[in-house]
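Following: one structure in structure tokens, then a few remarks.
Bear in mind that the values in this text are calculations on the coordinates, not laboratory data. Note that the coordinates shown come from a computational prediction; the quantities given were computed from them, not determined experimentally. So basically every Cβ, Gly included, is an ideal-geometry build from the backbone, and we count neighbours across all protein chains shown.
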Amino acid sequence: MRDTAIQDVASISDLKVTFATDGEPVAAITGISLEARAGEVLAIVGESGSGKTVTANTLLGLLPETATLSGAVIVRGRDGEETDIVHASHAQLQQMRGRDAAMVFQEPSTALNPVFTVGFQIAEGLKAHEKLSNAEAKNRAIEILRKVGIPEPEKRVDDYPHQFSGGQKQRVVIAMALVLDARLIIADEPTTALDVTVQAEILELLRACRDEFGATIVLITHNMGVVADLADRVIVMYRGEIVEQAPVRELFANPQQEYTRELLAAVPHVGRGKSSRQDPAVAAPTEPPADALVVARGVQIGYPGRLGSPGVVAVKGVDFWIAPGEVVGLVGESGSGKTTIGRAMVGLTDMLGGSLKVLGQELRGAKTRHLVKLRPDVGFVFQDPATSFNPLLTIAECIAEPLVVHRSSMSARDTRARVDELLDAVRLPTAFGDRFPHELSGGQRQRASLARALALNPKLLIADEPTSALDVSVQARVLELFAELQREFGFASLFISHDLAVIDEVADRVIVLRHGEIREQGTTVQVLLNPTDDYTKRLLVSLPVPDPVAQAERREAWRLTRGS
């Protein structure tokens with residue numbers, strides 16, 4: 001029998017969490033028990049609403065006042081001191097946070113204060129628990145930044161969060177969690193918004209947290225590839241309950257519960273999408289067809305500098321095209337110019353050079369009146385519908401916006417009838433039209449965003465990272481829906497993503513972009529299964545697969561590509 005007092009860094013026994021609302025109370029956790037053992041990575045997985053983030057926040061005593069807890073939640077520090085989270089005072093929780101347990105949040109941009117330097121924010125946590133001078137605290141901050149891989153930490157310690165890339169900001173947040181040598185680190189979706197190459201580096205850093213810093217990690221994620229790469233043990237949650245738990249290799253090899261099997265089946269794999277149905281011997285055409293909807297030749301797009309600083313050329317002379325009814329996947333890391341190209345195709349970004357024709361209209365130097373005529377035929381699906389929808393309008397009003405702007409002659413009755421048709425097409429009940437955006441889940445909002453983009457029956461649809469923030473099961477349903485709608489309506493599409501497995505599900509051809517230049521393009525099977533460019537190969541080997549055995553081999557291959 002295990003000595004839990006020594007081995008368990010955190011333990012939860014019969015935890016129940018209920019939130020008070022204006023209506024009936026909502027039971028988020030319905031009685032779970034688990035333990036996080038010393039030196040392990042424990043992954044908690046499940047869909048949105050499963051209770052995994054509530055469980056993580058409970059371990060740090062971060063639940064709001066509307067929450068009612070029962071059961072036992074114990075966190076043990078390196079000195080053996082126990083904190084009873086359920087009954088601890090505010091002062092006791094403050095002492096525990098940072099010293100015994102720390103959180104790595106999902107979105108570092110919101111976790112970091114934009115008006116203070118990163119060095120000040122790291123030092124702030126140190127000085128809350130230890131008596132240090134400003135110089136001593138700054139030296140400790142520099143040292144921890146060096147350990148998490150921030151280059152030139154002596155200089156960067158005085159930089160502000162906006163001066164760091166997304167991956168670097170995540171490293172800073174991890175540094176804040178490590179600086180007090182916390183025994184328990186809770187990582188809540190730490191790689192969700194990151195590119196695959198940056199994600200691989202953050203996973204390597206989290207592995208170092210366990211192996212070199214001796215931390216126990218509770219990993220909250222919906223990415224089963226990340227689980228296969230990093231976790232030692234897995235807990236699967238569904239609607240506030242634990243439905244299955246097992247060592248990682250055992251769970252992936254032989255899942256016992258139907259829900260777990262469905263979760264694993266929903267994960268997209270490179271080689272199982274359109275690439276599996278294409279003939280690798282059939283080469284992609286080298287010239288656009290006569291009826292191409294989009295033709296780009298030597299397109300250059302840049303942004304002017306500020307306060308006398310030089311401007312930035314984001315896209316450096318690219319050539320591509322999109323044929324009628326074709327889905328072209330555009331992949332690359334953050335800063336590669338993917339979204340800039342998408343915005344230029346609807347006239348939201350000016351061009352510096354080259355030619356970009358969309359539906360026969362030359363966009364370089366185009367007047368506003370020309371763009372107004374073009375836009376009804378081009379739909380746009382945004383990455384985050386929560387921010388692209390007006391929170392003061394109902395879903396029906398949001399979907400109807402293109403109709404109100406471009407078909408003002410339609411009656412209110414006809415407009416609502418069209419909205420109901422669109423809701424039905426994206427598999428949402430028509431009654432959802434009377435709800436507000438915040439009343440829908442992430443996947444439901446993304447379906448509504450698709451409905452809005454299709455309101456005018458566009459010939460071209462631009463989808464900018466439409467599934468990046470969704471759970472795997474929800475993502476699978478949205479991708480399936482996208483494919484069905486594309487077959488039904490026949491629109492062409494530029495599908496922007498950093499996830500190559502998602503691209504494989506929908507794209508007929510793939511364009512790989514890096515630093516504003518096209519590194520490779522061709523049919524999906526050619527680019528994803530037989531790449532010729534080293535950068536494409538690095539992207540592919542950086543993508544974690546939901547198989548712990550195969551992922552261990554890929555991790556070694558990725559380590560060999562670093563720096564190449």
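Amide H to amide H, with H built 1.01 Å from N, residue 215 comes under 5 Å of 210, counting only residues 5 or more places away or on other chains.
Which whole number in µm²/s is D for the range 294-435 by Stokes-Einstein, with the Kirkwood Rh taken over Cα pairs at 20 °C and 1.002 mPa s? Don't skip to the end; give the middle numbers.
On the way: Rh = 17.6 Å.
D = 122 µm²/s.
Residues whose amide H lies under 5 Å from that of residue 312, counting only those 5 or more places away or on a different chain, are 303, 305; hydrogens are built 1.01 Å from N in the peptide plane. Residues in the range 363-375 carry Karplus couplings, in order, of 8, 5, x, 5, 7, 4, 5, 6, 5, 4, 5, 7, 5 Hz; the curve used is 6.51 cos²θ - 1.76 cosθ + 1.60 with θ = phi - 60°, and Gly or Pro positions show x. Using alpha carbons only, how many degrees (0 to 90, rounded to 10) separate the axis of helix 118-129 from the longest principal axis of the chain? So the inclination is approximately 20 degrees.
How high is the relative contact order of the range 274-545, given as a whole-number percent (alpha carbon pairs under 8 Å, six or more residues apart)?
The normalised contact order for the range 274-545 reaches 27 percent.
Exposure proxy for 76, 140, 277, 261: other Cβ atoms within 10 Å of each Cβ, ordered fewest to most, give 277, 261, 140, 76. Applying 0.36 nm per residue to the separation of residue 48 and residue 213 and subtracting their alpha-carbon distance, the gain on full extension is 56.3 nm. Across the range 12-21, coupling constants 3J(HN,Hα) worked out from phi with the 6.51/-1.76/1.60 Karplus curve, θ = phi - 60°, read 10, 10, 6, 6, 10, 10, 10, 10, 6, 10 Hz, and Gly and Pro carry x.
The C-alpha atoms of the chain define a longest principal axis, and helix 196-211 lies at about 10 degrees to it. With respect to the chain, whose longest principal axis is taken over its alpha-carbon atoms, helix 134-147 is tilted by about 60°. The phi torsions of the range 47-54, fed into the Karplus equation with coefficients 6.51, -1.76 and 1.60 and a -60° offset, translate into couplings of 6, 4, x, 6, x, 5, 6, 4 Hz, rounded to whole numbers, with Gly and Pro shown as x.
The convex hull built on the alpha-carbon positions of the range 80-239 has an orientation-averaged projected area of 10.5 nm². With viscosity 1.567 mPa s and temperature 4 °C, the Kirkwood radius over alpha carbon pairs of the chain converts through Stokes-Einstein to a diffusion coefficient of 51 µm²/s. Between residue 353 and 300, the built amide H atoms are under 5 Å apart, and every one of these is 5 or more places off in sequence or on another chain. Between the C-alpha center of the range 320-391 and that of the range 132-146 there is a gap of 46 Å.
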